[in-house]
Ligand code: 5AD
Ligand code: SF4
């Protein structure tokens, strides 16, 4: 994109401030790790930088600024960042030899958790910026260009979303017909294995008006499916347009009125926050997709207690009964941790039994990874790595079988598919099922953004194949 060809009202503006325009467009490359929240944040950082005169690039070698948006949830995820920083440092040195500068920034949860330690370990890093301060990115960069190294991880008092520029219409269109929208950040649950309450802070809900305005903007640019995001999304609450207190269920009803938005989703939820109105939304809102990611982590009450989940396996199963009664075709997804401190073979078998009872359409499962500063890390009876490996294998085999069976159960049926993009092979398009599976259909099957009826013919590795119904 050539900045000189852009009309001024096409440049995003920070609330109350004029758009900044520079002549030589610098390029930013952002690499995103971890959850969908980081994907969304990377987009908003891109929007802030575009408003500041940058253009986004997919080629790291061309970048004047490389930002890593990092994840701290498990040790492996955090360590990846340091090995990547080593590689980027070499590029920075090479680029410097041609007389050009490459700034390196670390954002996201590793930035928040490790702060200045990152610059100590990787001196090539120029700036470290936590998730609560992304709106300050342009100012921070101006100081970095002045020769300072900056660590900006203080929780800001101001609302970053108020200050972050909205994406330009062209940018939204480029990003496709599905979009994320963060409605809530942080977590007050303090599960004993989890770093999120420390890296993302306590729960904050975005106001209704801000969310509705952003969803309308997305819909106007052609977005058909919006996924509301939050670390604890169903804890979202706010003052509604009628002055009453709204929960997520009521918000979904409101968003379903926006013309063009055909599909709504939300993730990730905590079982304790599935209230009646949210369950009613699953019953009454055709645009709320019949797919729910509801992590349980373990099927053993003893382990659930040690994890501070504040629900039992029975509570979880009873909740699923109510949700399934409201929306019988709902498919379930979950997260599991194996090898939490103290987990015995009997505890693990309870997890396997819960999985057999629920029958998941998809799931994510992990070996417990002790995170410094969390209560779990200091608990006794850590499970040996080899035992964790072996349990994870057994659990994943069962979950994979359930996922494949779910796909097979759809063969022969007619389902709605949102056409998203051209397929990898000529003659194909890729769509998305109500249950988040990629659906590979005939090229002629519809335009991007259309929701069409297709008949499932067979299942692929992670996808479904279909013909026009
Ligand atoms: N070790 C392993 N898995 C974890 N998760 C969160 N913290 C840890 C940890 N310390 C998993 C949980 C959570 C998902 C996002 O990551 O299953 O739901
Ligand atoms: Fe972490 Fe538990 Fe909060 Fe989820 S609910 S973000 S697992 S502390």
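What do you reckon, is residue 252 assigned to a loop (DSSP other than H, G, I, E, B) and away from ligand 1 (no atom under 14 Å from the Cβ)? Here the answer is no, as residue 252 does not meet what is asked.
Just so you know, in the range 434-461 the residues that are in a strand (DSSP E or B) and closer than 17 Å to residue 261 by Cα include one that is farthest from the chain's Cα centre (by Cα), and it is 452. Quick one: would you say residue 260 is under 29 Å from residue 198 (Cα atoms), more than 16 Å from ligand 2 (Cβ to nearest atom) and touching a helix residue (DSSP H, G or I) at 6+ places or on another chain (Cβ under 6 Å)? In short, no.
Among the residues of the range 96-113, how many are in a helix (DSSP H, G or I) and touching a residue at least 12 places away in the same chain (Cβ under 8 Å)?
First pass over the range 96-113, keeping only residues in a helix (DSSP H, G or I): 96, 108-113.
Filter once more, so that each one left must be touching a residue at least 12 places away in the same chain (Cβ under 8 Å): 108-113.
Within the range 96-113, residues that are in a helix (DSSP H, G or I) and touching a residue at least 12 places away in the same chain (Cβ under 8 Å) number 6.
Only one residue in 418, 408 is under 21 Å from residue 263 (Cβ atoms), touching a residue at least 24 places away in the same chain (Cβ under 8 Å) and touching a strand residue (DSSP E or B) at 6+ places or on another chain (Cβ under 8 Å). Which one?
Working: 408 fails: under 21 Å from residue 263 (Cβ atoms).
Just one listed residue meets the conditions, 418.
Looking at the structure I just gave you, is residue 212 more than 16 Å from ligand 2 (Cβ to nearest atom), under 21 Å from residue 172 (Cβ atoms) and buried (at least 23 other Cβ atoms within 10 Å of the Cβ)? Give the steps one after another, and end with the answer.
On the way: more than 16 Å from ligand 2 (Cβ to nearest atom): yes; under 21 Å from residue 172 (Cβ atoms): yes; buried (at least 23 other Cβ atoms within 10 Å of the Cβ): no.
No.
Within the span defined as the range 334-349, every residue fails to be touching a strand residue (DSSP E or B) at 6+ places or on another chain (Cβ under 8 Å), closer than 23 Å to residue 436 by Cα and part of a loop (DSSP other than H, G, I, E, B). Does any residue of the range 359-371 turn out to be away from ligand 2 (no atom under 16 Å from the Cβ), modelled with pLDDT of 95 or more, part of a strand (DSSP E or B) and touching a strand residue (DSSP E or B) at 6+ places or on another chain (Cβ under 9 Å)? Looking through the range 359-371, at least one residue is away from ligand 2 (no atom under 16 Å from the Cβ), modelled with pLDDT of 95 or more, part of a strand (DSSP E or B) and touching a strand residue (DSSP E or B) at 6+ places or on another chain (Cβ under 9 Å). Among residues that are in contact with a helix residue (DSSP H, G or I) (Cβ under 7 Å, 6 or more places away or on another chain) and touching a residue at least 24 places away in the same chain (Cβ under 8 Å), residue 456 is included. In this structure, is residue 124 surrounded by 13 or more Cβ atoms within 10 Å (Cβ to Cβ), touching a residue at least 24 places away in the same chain (Cβ under 8 Å) and not in a helix (DSSP H, G or I)? Yes, satisfied. Among the conditions (1) closer than 21 Å to residue 167 by Cα; (2) surrounded by fewer than 19 Cβ atoms within 10 Å (Cβ to Cβ), residue 237 misses just one, which is (1). The test for being assigned to a loop (DSSP other than H, G, I, E, B), over 20 Å from the mean Cα position of the chain (by Cα) and touching a residue at least 24 places away in the same chain (Cβ under 8 Å) holds for residue 259.
Quick one: would you say residue 377 is within 16 Å of ligand 1 (Cβ to nearest atom), outside any helix (DSSP H, G or I) and at pLDDT 95 or above? Against the criterion (within 16 Å of ligand 1 (Cβ to nearest atom), outside any helix (DSSP H, G or I) and at pLDDT 95 or above), residue 377 does not qualify. For the range 404-422, a tally of residues being surrounded by fewer than 16 Cβ atoms within 10 Å (Cβ to Cβ) and outside any strand (DSSP E or B) returns 7.
From the set of residues in the range 287-323 that are part of a loop (DSSP other than H, G, I, E, B) and closer than 19 Å to residue 361 by Cβ, which is nearest to ligand 1 (Cβ to nearest atom)? It would help to see each step written out before you state the result.
Here is the first cut: in the range 287-323, the ones part of a loop (DSSP other than H, G, I, E, B) are 287, 289-290, 294-296, 298-300, 307-312.
Narrowing further to those that are closer than 19 Å to residue 361 by Cβ: 289-290, 294-296, 299.
Details: 289: 20, 290: 21, 294: 10, 295: 4, 296: 9, 299: 13 Å.
Residue satisfying both the conditions and the ranking: 295.
Can you tell me how many residues in the range 185-203 are assigned to a loop (DSSP other than H, G, I, E, B) and without any contact (Cβ under 8 Å) to a residue 60 or more places away in the chain? So the answer is 5. Check the range 158-174 and report whether any residue there is at pLDDT below 95, in contact with a strand residue (DSSP E or B) (Cβ under 8 Å, 6 or more places away or on another chain) and part of a strand (DSSP E or B). Within the range 158-174, none of the residues are at pLDDT below 95, in contact with a strand residue (DSSP E or B) (Cβ under 8 Å, 6 or more places away or on another chain) and part of a strand (DSSP E or B).
The values are calculated or read from the model by the stated rules, or taken from the named source; none is laboratory data. The structure presented is a predicted model; accordingly, all values stated were derived computationally and were not measured. Reconstructed Cβ throughout: ideal geometry from the backbone, glycine too, with neighbour counts over all protein chains shown.
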